[in-house]
Every structure is written in C-alpha cells, then in structure tokens.
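A short reminder: the numbers here are calculations on the coordinates, not readings from a lab. Just so we're clear, the structure is a prediction, and the values are computed from it rather than from any experiment. We place every Cβ from the backbone using ideal geometry, glycine too, and count neighbours over all the protein chains shown.
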Amino acid sequence: MTNTITANNVSAYLNKVVKISDLSSIYDLWMILIRPNDSDLSDDEGILSFVGDEPNEESFSLYQKGNAVIPIYNDSIELESDMYYEE
Amino acid sequence: MKNSYIKLFMNQHNEFRTEAALSLFGIRFTNVNVKIDTGCGATTILTSKLGIPKTEAQKLKRQDCLDHSIGKAVSFGVNDSKQFREMAKVAFRMGQFENLPCVSFVHEMDDFEIAGAFIGNAEVKVNYDRTGNILIGMDVISTWDTHIGTLSTGETILLACPKKYVNAEYYKELERFFRLRPVIKFG
C-alpha cells in the first residue's frame with residue numbers, strides 16, 4: 001500500500017526523496033525540496049528538506065550552487081471559486 | 001530540457017499555468033509555478049514565490065538599490081490608490097527605492113525553461129516585496145510563435161515555441177491541433 005503524504009504527516013518525509021506531484025494536495029505550507037545536480041533524481045522528484053509556515057534562515061541555507069531548489073507552496077485561495085488574485 | 005515546444009491546457013480557472021525552471025542569483029530553481037499572461041507587459045519574478053525569506057529578500061533589494069548599474073522600474077497594482085501612486089512616483093524619482101514595495105529590479109535570468117521547453121536567457125524584473133503570481137508577460141511571449149484555440153473536445157490549448165527554436169515537432173503539433181501548415185515560398 002502506498003502511503004499518502006498529507007499536511008499532518010509531511011514532516012515525517014523530511015530528508016527523503018518524494019515525488020513533487022505527491023505534495024499537490026497540501027495547502028498553505030512551504031515545502032522546499034532540493035535536487036543535487038549530481039543526483040539521478042527525475043524532474044518530478046526531490047529531497048524534502050524543509051517544511052514550515054514561512055521560509056526562514058534554515059530553509060534559505062539550502063539555497064546553494066550545486067543544488068536545484070524546488071519551492072512549493074499550494075495556496076488554498078486557488079481552491080475557492082469566488083476568490084482569485086487580480087494580477 | 002525535455003520538450004521542443006510549449007503545450008498547455010487552460011485550467012478550470014481559465015488560466016494557463018505551468019512550471020518554469022530558471023537561474024537567478026546563481027541559484028537554480030525548478031518546478032516554479034508561473035502564469036502565462038498576455039495582458040502583462042513585463043515578466044516579473046517575485047522572490048516570495050521562490051521561497052526566499054523576507055529578511056533575505058530585503059538584503060538582496062538593498063544591494064540592488066545601491067547598484068546603479070541595475071535598472072529599476074515601478075509597477076502599480078490595480079488596487080493602489082491615487083495617493084499611493086503619486087507618493088510612489090515622487091519617491092521613485094528621488095531614488096528612494098528601498099521603502100517602495102512597487103519597485104522592481106532588472107536582472108538577467110539564465111537557462112530559462114517553460115513547460116520543459118528551453119527559452120534561453122531573458123531580461124526580467126525582480127520584485128522583493130510583492131506576493132501573488134509570477135507572470136510571464138508579453139516581453140517573453142512575443143519571442144514565441146504562439147497559437148491559442150479551442151479543440152473539438154472543448155479544451156482550450158496554448159501551443160507555442162520560441163521563434164528561434166521552431167522545429168518539425170512543433171509544426172506537427174500545429175497541424176494536429178490547428179490544421180496549420182508552414183507556407184514554403186520559392187523564388
């Protein structure tokens with residue numbers, strides 16, 4: 001059985017390789033993945049390296065040359081039919 | 001790069017959204033959510049959408065403010081009041097960029113990819129304060145051969161390819177979706 005990644009258990013996947021598409025149902029949470037340049041990870045994969053309400057110094061320390069950074073934040077506003085961003 | 005052209009289907013919010021990859025500040029960002037916006041003149045990268053913390057963004061902004069070689073521009077939002085716009089215009093003309101959230105800074109973005117298709121380098125504006133969407137505007141879109149249409153399935157599709165990289169696969173897709181063929185002129 002495949003475990004589903006949710007907002008409640010996403011922290012348990014820290015430092016593990018996850019599929020980016022598996023995070024698409026987690027809203028209003030910053031998830032920063034790293035894909036080292038010398039890794040053989042696919043375009044839909046990364047190492048989950050930070051989970052939090054806001055990016056911070058800890059998450060920014062991951063932004064280094066030699067890593068591809070994958071910043072993910074799914075905004076729950078996008079789920080609302082009567083709310084949208086003007087621009 | 002894994003695609004030789006851009007193919008996007010309009011989503012339920014009537015948007016063309018996709019993922020981009022780009023290098024900025026020497027960092028490679030991938031799977032960045034962006035919106036294609038033909039009503040936007042200038043592509044603007046929001047550091048907030050790259051997961052750069054506010055404190056670090058303000059440090060980067062300060063560096064840009066002090067660097068006279070970096071171009072600056074003001075962009076107003078639809079909800080900015082007339083008073084705010086007037087105040088911002090005066091502050092901008094006086095070079096008081098740091099306190100203005102509506103100032104963007106011109107940077108070169110390297111190895112830009114949209115929907116897996118290589119675009120190349122592009123001059124874009126970077127904003128360190130705003131939240132919202134990263135908009136790919138007409139400054140970039142106008143460098144593409146672009147077609148938008150509705151298919152028999154009811155889906156609306158955007159098919160595009162950077163003009164300098166137009167290729168046989170893209171032509172095949174144009175014919176498949178829009179029944180368009182390139183015209184070959186002799187003589």
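Compared with the dominant principal axis of the Cα atoms in chain B, helix B:54-66 is inclined by about 80°.
GNM on chain A, alpha-carbon springs under 10 angstrom: the most fluctuating residue among A:ILE34, A:ILE77, A:ILE20 is A:ILE77.
Relative to the longest principal axis of the Cα atoms of chain B, the long axis of helix B:168-178 makes an angle of roughly 80 degrees. Highest GNM mean-square fluctuation, chain A, Cα pairs closer than 10 Å: which of A:SER76, A:SER25, A:SER39? The residue with the greatest mean-square fluctuation here is A:SER39. Between the range A:1-51 and the range B:27-79, the alpha-carbon centres lie 25 Å apart.
Under 1.5 on a/c is rounded, so check that first for the range B:66-131, then, if it is not, pick prolate when a/b is larger than b/c and oblate when it is not; a ≥ b ≥ c are the square roots of the alpha carbon gyration tensor eigenvalues. Here the range B:66-131 falls in the oblate category. Per residue of A:42-49, other chain Cβ atoms within 10 Å of the residue Cβ number 1 on average. As an exercise, use a Förster radius of 35 Å and the Cβ-Cβ distance of A:ALA12 and B:ARG62 to find the FRET efficiency, rounded to the nearest 0.05. Here the calculated transfer efficiency is 0.35.
The mean number of Cβ atoms from other chains found within 10 Å of a Cβ in peptide B:77-83 is 1, as a whole number. Using alpha carbons only, how many angstrom separate the centre of the range B:101-122 from the centre of the range B:131-155? The two parts, judged by their Cα centres, are 16 Å apart. Take the alpha carbon gyration tensor of the protein assembly as shown, find the square roots of its eigenvalues, order them as a ≥ b ≥ c, and report rounded if a/c is under 1.5; if not, report prolate when a/b exceeds b/c, else oblate. Oblate, because a/c is 1.5 or more while a/b does not exceed b/c. Using a Gaussian network model of chain B in which every pair of alpha carbons under 10 angstrom is joined by a spring, one finds that among B:ALA21, B:ALA117, B:ALA168 the greatest mean-square fluctuation is at B:ALA168. Considering helices alone, the calculated mean residue ellipticity of chain A at 222 nm is -500 deg cm²/dmol, with DSSP H runs of length four and up weighted by -39500 (n - 2.57) and normalised per residue. Between the Cα long axis of helix B:82-93 and the first principal axis of chain B there is an angle of about 80°, rounded to the nearest 10.
The simple spin-label model puts a point 7 Å past each Cα toward its Cβ; for A:LYS19 and B:SER152 those points are separated by 3.2 nm.
Residue exposure proxy: B:TYR171, A:TYR27, ordered by other Cβ atoms within 10 angstrom of their Cβ from fewest to most, comes out as A:TYR27, B:TYR171. In terms of its alpha-carbon gyration tensor, the range A:10-74 comes out oblate; a/c meets the 1.5 threshold, while b/c is at least as large as a/b.
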